[in-house]
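**Student:** Before anything else, here's the structure in question.
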Amino acid sequence: MVCENETPTLKEPDKTLEDEFGDLHLNRPVLEVLAHVPMYGALLEKYIVSLELGKNRSEYIQSVAPEKMKDPGLFILPCRLRDSKPFDTLADVRSCVNLLPLKLFKELKVGLLEETDDVLELADGTKSYPVWIVKNVEVHVGKLKLFEDFHVVDMEREPTSPLLVGRGFLATANAVIDCKKAKIAVGE
């Protein structure tokens with residue numbers, strides 16, 4: 001039975017997740033809490049010694065700082081074109097093409113030159129003209145035998161490494177570059 005004089009009661013709105021945890025305060029560092037969760041504990045012990053949390057800042061301190069290494073220098077592969085003697089070949093991960101000097105191309109006669117509209121921009125910002133391409137050159141690297149395209153460039157001076165191979169060649173050869181050991185391995 002409802003009396004007419006009673007005021008209706010307002011239904012309280014449902015609490016949101018933010019309302020439930022809005023006044024929650026933790027006195028433990030986040031990493032200390034996570035360290036008690038088995039899947040995070042081992043990972044945290046391995047990489048982080050402590051975490052200091054303060055007003056508007058956070059700082060991670062690793063257990064051991066890596067040793068500063070010197071520049072490993074250039075990565076050189078011994079490659080042969082067809083039955084030639086091995087050449088020092090510069091592995092260049094910045095390059096998207098393989099390069100062969102015109103003088104070496106004429107000595108080895110490794111294929112037929114085709115004209116191309118490609119213009120190569122060199123590391124010093126200059127452009128290289130004219131450029132040709134020789135396709136499917138047989139290249140031997142260790143026990144691997146690959147067929148690669150080379151851009152043939154008329155160079156003013158003799159390079160110290162006559163061949164340059166780029167990212168495509170390195171990917172095909174499954175090259176692994178280990179900067180710490182200053183070594184390059186192919187086909188593994």
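The values are calculated or read from the model by the stated rules, or taken from the named source; none is laboratory data. Owing to the predicted nature of the structure, the values given are computational and were not obtained by experimental measurement. Cβ placement follows ideal geometry from the backbone for every residue including glycine, while neighbour counts extend to all protein chains displayed.
**Student:** How many residues does the stretch 143-188 contain that are of a type in the set (Lys, Arg), farther than 24 Å from Lys127 by Cα and not in a strand (DSSP E or B)?
**Tutor:** 3
**Student:** Being in a strand (DSSP E or B) and aliphatic (A, V, I, L, M) is the filter; apply it to the stretch 69-87 and report the residue that is surrounded by the most Cβ atoms within 10 Å (Cβ to Cβ).
**Tutor:** This residue is Leu81.
**Student:** Sort through Thr126, Thr172, Thr116 and tell me the only one that's at pLDDT below 90, β-branched (Val, Ile, Thr) and touching a strand residue (DSSP E or B) at 6+ places or on another chain (Cβ under 9 Å).
**Tutor:** Working: Thr126 fails: touching a strand residue (DSSP E or B) at 6+ places or on another chain (Cβ under 9 Å); Thr172 fails: at pLDDT below 90.
Answer to the selection: Thr116.
**Student:** His140 passes all but one of (1) part of a strand (DSSP E or B); (2) closer than 17 Å to Val165 by Cβ; (3) at pLDDT below 90; which number fails?
**Tutor:** In the conditions (1) part of a strand (DSSP E or B); (2) closer than 17 Å to Val165 by Cβ; (3) at pLDDT below 90, His140 misses (3) alone.
**Student:** Of the conditions (1) out of contact with any helix residue (DSSP H, G or I) (no Cβ under 6 Å at 6 or more places or on another chain); (2) part of a strand (DSSP E or B), Ala123 clears all except one; give me its number.
**Tutor:** Single failed check for Ala123: (2).
**Student:** In this structure, does Glu107 turn out to be surrounded by fewer than 15 Cβ atoms within 10 Å (Cβ to Cβ), in a strand (DSSP E or B) and either small (Gly, Ala, Ser) or modelled with pLDDT of 85 or more (or both)?
**Tutor:** no
**Student:** While we're on this one: Across the stretch 140-170, what is the number of residues that are of a type in the set (Lys, Arg) and crowded, with 17+ Cβ neighbours inside 10 Å?
**Tutor:** Result for the stretch 140-170: 0.
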